[in-house]
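Participant: Let me begin by handing over the structure; questions about it come next.
The values are calculated or read from the model by the stated rules, or taken from the named source; none is laboratory data. Everything numeric here is computed off the predicted structure, so don't read it as measured data. FYI the Cβ positions are ideal-geometry reconstructions off the backbone, even for glycines, and counts take in every protein chain you see.
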Ligand SMILES: [Zn+2]
């Protein structure tokens with residue numbers, strides 16, 4: 001299966017056309033290549049990659065046992081990603097000599113129509129752009145790229161547009177999965193730590209976190225907020241402040257909003273974001289005695305019970321001093 005004579009970069013990667021287990025396949029094959037123990041070259045190096053496999057392999061014996069111990073930490077999803085209208089082609093080394101990058105070409109399924117990225121509807125084809133690489137989650141320290149030539153559609157509604165592909169959005173060079181992977185690690189390590197450990201750039205980690213945050217903001221539910229707390233935080237060692245607004249309901253405590261400064265304008269922006277209707281549903285607002293906040297609360301949530309933060313009140317009480 002691995003004849004050394006072929007040197008087209010595919011020699012060590014047996015065909016797994018249309019296989020959705022390609023991750024496992026790649027992992028196993030690379031193991032074979034890297035640990036050439038004559039007696040049992042197949043199993044020798046296979047074991048250490050169990051957790052890599054666990055994240056990508058559909059739960060099947062014998063790997064399903066590994067998946068129990070290594071649940072996917074990022075999206076809760078397990079298994080190889082499949083994209084309905086696209087087919088993975090044979091994987092290859094980007095450079096057979098250095099073997100540091102794996103390329104997995106993708107082709108649209110025959111007769112499938114591209115989807116317009118503007119209106120999300122199928123549209124007739126127009127032309128095809130040059131091939132692009134999309135970075136996927138690395139295997140070991142080997143970078144993995146999808147390679148795909150985007151189609152353009154001639155959409156009757158939007159004109160000529162680039163198609164929408166399921167593994168990536170917009171002009172991103174990182175696949176969505178890889179961005180979630182990086183931002184997942186960024187919760188556990190510093191951004192630089194993630195970049196160093198995964199041999200990527202700080203910018204990639206930063207963009208991934210940004211993507212996760214904006215996704216979270218777009219998808220978060222602001223209904224049912226009854227109690228909020230506002231506080232200022234000093235930063236940059238000077239007299240610079242940020243305003244933090246939290247939800248402090250019994251079952252749900254979370255940071256809702258951060259604004260620059262601690263002025264009336266700042267805090268008003270929060271209420272604008274929350275919207276009139278939801279402001280009307282507030283029952284409790286907790287703050288310190290910072291005047292601009294007090295004014296905004298009176299104006300925007302005058303109906304709510306205003307709780308003055310005990311810590312701050314105590315500070316002002318002459319008796320406790
Ligand atoms: Zn369209």
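Participant: Among the residues of the range 263-272, are any over 28 Å from the mean Cα position of the chain (by Cα), outside any helix (DSSP H, G or I), modelled with pLDDT of 85 or more and surrounded by fewer than 19 Cβ atoms within 10 Å (Cβ to Cβ)?
Facilitator: yes
Participant: Mind checking which residues of the range 106-130 are within 12 Å of the ligand (Cβ to nearest atom) and either assigned to a strand (DSSP E or B) or in contact with a helix residue (DSSP H, G or I) (Cβ under 7 Å, 6 or more places away or on another chain) (or both)?
Facilitator: Matches in the range 106-130: 115, 116, 122, 126.
Participant: Ok, one more. Would you confirm whether or not the range 255-266 contains a residue that is touching a residue at least 40 places away in the same chain (Cβ under 8 Å) and closer than 30 Å to residue 170 by Cα? Working first, answer last.
Facilitator: Within the range 255-266, the subset touching a residue at least 40 places away in the same chain (Cβ under 8 Å) is none.
No; the residues of the range 255-266 include none that is touching a residue at least 40 places away in the same chain (Cβ under 8 Å) and closer than 30 Å to residue 170 by Cα.
Participant: Conditions first: (1) assigned by TED's automatic domain parsing to the domain that holds residue 294; (2) within 30 Å of residue 283 (Cα to Cα); (3) free of Cβ contacts under 8 Å to residues at least 60 places away in the same chain. Residue 214 passes all but one, so which condition is the exception?
Facilitator: All conditions are met except number (1).
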